[in-house]
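Read-outs: derived from the displayed coordinates by stated rules, not from any lab. Given the structure is predicted, the values throughout are model-derived calculations rather than measurements. No Cβ is skipped: glycine too gets one built from the backbone with ideal geometry, and neighbour counts run over all protein chains shown.
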């Protein structure tokens with residue numbers, strides 16, 4: 001597939017501090033790519049460089065075939081950016097904000113379209129400072145989409161939103177991807193990335209530690225099988241994995257051949273006439289992988 005973003009050995013920093021240390025990735029047209037990371041991992045600095053807000057210290061960045069910093073005028077109209085802090089003017093009304101923004105964008109959606117996209121059509125006359133945090137984020141997103149961009153950068157788009165509002169943003173973002181828009185997302189909500197992303201990359205200490213489709217990233221965790229401890233029988237080794245005990249349960253971390261390991265456990269229990277009380281099988285999650293990386297496991 002055609003790559004619309006190509007980052008190769010990017011290095012970026014502040015003074016003598018190197019915040020990004022040799023990051024490489026590509027994003028295909030129409031893909032939703034989630035860039036995740038611990039606090040201070042370098043993801044926002046990476047995103048700002050890809051958006052063209054600052055030049056890279058070393059390495060290369062190409063967006064739609066151009067250097068996003070030196071050739072910003074060539075591609076700016078084809079990009080939409082939703083930053084962590086949108087910098088809205090608090091004393092303007094929602095309608096005034098949309099009108100002002102439309103004046104800066106070529107081929108803009110109509111004011112009605114933008115208001116409906118934000119879900120704030122009935123709040124057009126309300127001052128921005130009177131909006132809730134979630135409403136301001138919805139307005140930020142709608143403004144980023146005003147020019148019908150080919151690539152949208154969303155930096156923590158659902159911060160401060162309640163679950164219902166977050167689901168609405170997810171619906172909008174899925175719709176963008178379905179229409180062929182490329183989306184680059186950063187988020188601290190790992191469930192958000194797991195639900196939305198085609199591919200993810202997790203950064204820590206300035207480097208990408210793991211990347212791939214959600215399924216590929218989760219495969220490194222396998223599954224955890226647990227049950228309540230048995231009073232008179234020693235739990236077996238299954239799939240080459242010894243049992244762990246704690247919290248009143250017996251557990252196994254099965255990374256490979258999960259189905260075979262579970263079958264081995266069930267055959268052992270059946271052969272010994274044992275009922276496995278409270279048997280649970282839980283697949284790995286992005287949170288598991290994230291914590292593994294953050295803790296240096």
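Tell me, in nm to one decimal, what length is gained between residue 69 and residue 195 on full extension, where the rule is 0.36 nm per residue of separation less the Cα-Cα distance?
Values: separation 126, 0.36 × 126 = 45.36 nm, distance 3.15 nm.
Length gained, residue 69 through residue 195: 42.2 nm.
Estimate the FRET efficiency between residue 179 and residue 121 by the formula 1/(1 + (r/R0)^6), using the beta-carbon distance for r and 25 Å for R0, to the nearest 0.05. Walk me through the numbers before you get to the answer.
Numbers: r = 21 Å, r/R0 = 0.84.
Working from the Cβ atoms, E equals 0.75.
Hey, in the GNM for the chain with a 10 angstrom Cα cutoff, which one of 114, 258, 98 fluctuates hardest?
Result: 258 has the largest fluctuation of those listed.
Could you work out [θ]222 nm for the chain from helices alone, using -39500 (n - 2.57) per DSSP H run of at least four and dividing by all its residues? Round to the nearest 500 deg cm²/dmol.
On the way: 10 runs with 93 residues, N = 297.
Rounded to the nearest 500, it is -9000 deg cm²/dmol.
Tell me, how many Å apart are the Cα centres for the stretch 18-70 and for the stretch 140-201?
The stretch 18-70 and the stretch 140-201 have Cα centres spaced 17 Å from each other.
Pick from 134, 284, 175: which is most flexible by mean-square fluctuation in a GNM of the chain where alpha carbon atoms under 10 Å apart are linked?
175
Classify the stretch 220-269: rounded, prolate or oblate, from the alpha-carbon gyration tensor (a ≥ b ≥ c, eigenvalue square roots; a/c under 1.5 rounded; otherwise prolate if a/b is larger than b/c)? Please report the intermediate quantities before stating the final value.
On the way: a/c = 2.23, a/b = 1.37, b/c = 1.63.
Here the stretch 220-269 falls in the oblate category.
Among 270-283, 177-190, 199-212, 234-247, how do they line up by average Cβ neighbours within 10 Å per residue, starting with the highest?
Values: 270-283: 11.6, 177-190: 18.1, 199-212: 20.3, 234-247: 13.8.
For the peptides 270-283, 177-190, 199-212, 234-247, the packing ranking is 199-212, 177-190, 234-247, 270-283.
Please state the shape class of the stretch 95-202: rounded when a/c is under 1.5, otherwise prolate if a/b exceeds b/c and oblate if not, all from the C-alpha gyration tensor.
Numbers: a/c = 2.18, a/b = 1.36, b/c = 1.61.
Cα axes put the stretch 95-202 in the oblate bin.
Could you calculate the contour length gain from residue 111 to residue 295, that is, 0.36 nm times the residue separation minus the distance between their Cα atoms, to one decimal place in nm? Please report the intermediate quantities before stating the final value.
Values: separation 184, 0.36 × 184 = 66.24 nm, distance 4.71 nm.
Contour length minus Cα-Cα distance gives 61.5 nm.
Could you tell me which label, among (1) 16.3; (2) 19.1; (3) 17.6, carries the value of mean projected area of the Cα convex hull in nm² calculated for this structure?
(2)
If you take every DSSP beta bridge fully contained in the chain, what fraction is antiparallel? Give it as a percent rounded to 5.
On the way: 35 of 52 bridges.
Roughly 65 percent of the DSSP beta bridges within the chain come out antiparallel.
By DSSP, what percent of the beta bridges with both residues in the stretch 152-215 are antiparallel, rounded to the nearest 5?
Working: 6 of 10 bridges.
So the antiparallel bridges in the stretch 152-215 amount to around 60 percent.
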